Amino acid sequence: MKRLDRRRVEAVLFLLFFFSFFGILGHFMGIQNMISTMMKTAYALLIDTVLYIMAVSVLAGALGRLLIEFGVVRLLEGVLAPFMKPLFNLPGVASLGGLMTFFSDNPAIISLVNDRNFSSYFKKYQLISLTNFGTAFGMGLVVISFMIGKGFVTAALVGFLGAVFGAMVSTRIMQKMIKGKVEEDETVPARGDEERISFRSRGSVFLRFINSILDGGKSGVDLGLAIIPGVLIISTLIMMVTFGQPAGGYTGAAFEGVPLLPRIANLFGWLFKALFGFHSPEAIAFPMTSLGAVGAALSLIPTFMAKGMAGGNEIAVFTAMGMCWSGYLSTHTAMLDALKHRELTSKALFAHTVGGIAAGVFAHYAYLLVSWLL
């Protein structure tokens, strides 16, 4: 009976929120214009943004698979390994996890964690903190490629450094919160002290090349398809509460709306400007959307650029926060569940929230410094 009552309360609250939200939009825009704008915005995002992101994902996926197949990732792992302990308090082999998520997406770290040869190099609390470490680099290649494709090379690279800083903050906060609260069972690798994981390739060089670009490209298509719901649903709703009425009044065209989010953001505009250098309150829509899906957040960039709301500083901050957060609200629970530590979800979310903010602040001031030097 109590469960039934709870369901009824949820239903009533949902209906109140649903009709209130769309009632406000319909009141200002008109019901017909609201529905028309919703459909046309979703269609424009699908054609102009999703397909572009999918193309970037296909090329990035093919490149990533080639780098893995021909040992470049292994080479990079050797270069990056010495930085893991001082920056992240992780063993050198953790660099492989960061590279794997950079070239694909957050869940890639789980496939490594479940490999006993990989996990044997970590203490328990370090292994769990890989949820935060790996997420900070999720879809990194796609995000950076997208920003560079829009002409922001320097800003994208500064944003990458911001994401690294955010990863360091998030990972260390997570470790500090859980160290001593989980069972510590440090194990010794089976093959001496060498931190290596083997990737065996078979076939001729030509066949490996063809298979790599095709398999990598296919993973890019899968990623492009996976972001469609997030882009069309989340981004459409975010845009409709971000952008306002055009000069001639509502027409039902794409990218119209009621600027509820900027009005709320204006209350904290001084804070966002101090932390991130945002000059337009609408810019806060990008990091907010990144909480759920960074692919959906990327769909905001073309409109921001067209409206003059995004310059080099904003792109640097967007890259840093987009990479660092990369949809962690929708993946952290599943990742920790795979590690059998779902009870630590709230701690992981808190640590990563702080890490993402730190990434944005770092990117803003680093971009100011780079701009001054150049």
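Details
- Rounded, prolate or oblate (a/c below 1.5 giving rounded, otherwise prolate when a/b exceeds b/c) for segment 242-308 by Cα gyration tensor: oblate
- Note on the chain: with charges restricted to the Cβ of Lys and Arg (+1) and Asp and Glu (-1), its dipole about the Cα centre is near 520 debye.
- When the square roots of the Cα gyration tensor eigenvalues are ordered a ≥ b ≥ c, the ratio a/c for segment 197-340 is 1.5 or more and a/b exceeds b/c, which makes its shape prolate.
- Taking the C-alpha atoms of segment 77-163, convex hull volume expressed per residue in Å³: 86
- Among Gly159, Gly356, Gly244: highest mean-square fluctuation, GNM of the chain, C-alpha pairs under 10 Å: Gly244
- Dipole axis of segment 1-77 (+1 Lys, Arg; -1 Asp, Glu on Cβ), positive-most option in Leu51, Phe28, Leu66: Phe28
- Cross-link pairs Lys85/Lys340; Lys85/Lys347; Lys123/Lys218; Lys123/Lys347 - those with Cα-Cα distance over 28 Å: Lys123/Lys218
- In units of the compact-protein estimate 2.2 N^0.38 Å, the chain shows a Cα radius of gyration of 1.05.
- For segment 323-374: rounded, prolate or oblate by the Cα gyration tensor [a/c cutoff 1.5]: prolate
- Within a Gaussian network of the chain (alpha carbon springs, distance under 10 Å), most fluctuating of Ile148, Ile210, Ile357: Ile210
- Debye, to nearest 20: dipole size of segment 208-304, +1 on Lys, Arg Cβ, -1 on Asp, Glu Cβ: 140
- Excluding same-chain neighbours fewer than eight residues apart, the lysines reachable from Lys40 by a Cα-Cα span under 28 Å are Lys150, Lys307.
- Mean Kyte hydropathy of 1.0 or more with a Cα span along the axis of at least 30 Å, helices from DSSP in the chain: 153-178, 345-373
- Relative contact order (percent, whole number), segment 267-325, Cα cutoff 8 Å, 6+ residue spacing: 38
- Applying the criteria of a DSSP loop state and at most 16 other Cβ atoms within 10 Å to the trypsin sites (Lys or Arg not before Pro) of segment 263-327 yields Lys307.
- Cut-off of 10 Å, at most 16 other beta carbons, DSSP loop: longest stretch of the chain lacking such chymotrypsin sites (Phe, Trp or Tyr not before Pro): 71-198
Laboratory data are not the source of any read-out in this text; all were calculated from the coordinates shown. On a predicted model such as this, the values are computed, not experimentally measured, just so you know. So basically every Cβ, Gly included, is an ideal-geometry build from the backbone, and we count neighbours across all protein chains shown.
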